[in-house]
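Trainee: One structure, as structure tokens, below. Some questions next.
The values are calculated or read from the model by the stated rules, or taken from the named source; none is laboratory data. Keep in mind it's a predicted model, so treat the numbers as computed, not measured. Here the Cβ positions follow ideal geometry from the backbone for every residue, glycine too, while neighbour counts run over all protein chains shown.
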């Protein structure tokens, strides 16, 4: 059995007491605010990018930032949460803004922060272009639904009476 | 980012609602299940934009599939698209809104023909049950052009 070296333990204690390590804190369930629920899910290809990615050191458990280069794709879900995906086989796994893992949420936020200008610009132009087409489609569907509505209401009312 | 949030809050996107359990009201059970072929033809359908998930109407002019319109005994309906290599189906009671919309729009586009075909079919298949044909005519009447 190895002897415990008390003086060495003392040094460790001092080092731990002196360390000022910031704790990573990222809110749960991060979403793009005011994301319209009419949008199913939007997909963006940001192309091949240099980007900063958060890693956890296997030895110390400390966070560090690594530079990577991969094709970055982004999906914004119906509820405004978003996922980053990478194409190449050596790339990281996808990261989600509503992941239960704090590290993944932090990664998603960091990626969004790096590409926010491009993401917002691309999304705004895509949504603007699709807005009119979408509203026309909904009007056509509403027109097709028109005759059914009084009967649906009548069915609803008859279930209240039951 | 703030500009983008302003842009999002200014977007006026209409919500689409096609409830499940839609059916042709007052469809008589005695009419049973009826299918009619609309043949191969141009039709419009709704799809979602790959990039934004928003809806858009597209024309299918390929005429590759035969369109079969089927009304079930309960009055619900679905559409089968029969191609040489593949067949797919969209139903008014499907779980996905998009499939319900596709079935609804086929009905909407061809309701006059569907009406005519169904009543003719009933008249020839159920000559002894004239009353059924009459009830079906009445059930489909609200969908006919005024």
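Trainee: Looking only at the stretch B:9-26, which residues are out of contact with any helix residue (DSSP H, G or I) (no Cβ under 8 Å at 6 or more places or on another chain) and facing chain A (nearest Cβ under 7 Å)?
Mentor: B:9
Trainee: Taking the stretch B:51-64 on its own, how many of its residues are on the phi < 0 side of the Ramachandran plot and outside any strand (DSSP E or B)?
Mentor: Residues flagged as on the phi < 0 side of the Ramachandran plot and outside any strand (DSSP E or B) within the stretch B:51-64 amount to 6.
Trainee: Among the residues that make up the stretch A:97-104, is at least one of them touching a strand residue (DSSP E or B) at 6+ places or on another chain (Cβ under 8 Å), in a helix (DSSP H, G or I) and surrounded by 15 or more Cβ atoms within 10 Å (Cβ to Cβ)?
Mentor: Yes, some residue in the stretch A:97-104 is touching a strand residue (DSSP E or B) at 6+ places or on another chain (Cβ under 8 Å), in a helix (DSSP H, G or I) and surrounded by 15 or more Cβ atoms within 10 Å (Cβ to Cβ).
Trainee: Sticking with this structure for a sec: Collect the residues in the stretch A:124-137 that are within 7 Å of another protein chain (Cβ to nearest Cβ) and under 28 Å from the mean Cα position of the chain (by Cα), keeping them in residue-number order.
Mentor: Of everything in the stretch A:124-137, those that are within 7 Å of another protein chain (Cβ to nearest Cβ) and under 28 Å from the mean Cα position of the chain (by Cα) turn out to be A:124, A:126, A:127, A:130, A:131, A:133, A:134, A:135.
Trainee: If you don't mind, another one. Can you name the number of the only condition in (1) at pLDDT below 95; (2) more than 7 Å from chain A (Cβ to nearest Cβ) that residue B:69 fails?
Mentor: Only one criterion in (1) at pLDDT below 95; (2) more than 7 Å from chain A (Cβ to nearest Cβ) is unmet by residue B:69, namely (1).
Trainee: Let me ask you something else. For the stretch A:17-88, which strands (runs of 3 or more DSSP E) that fit wholly inside it have 1 or more residues that are at pLDDT below 95?
Mentor: A:42-56, A:63-76
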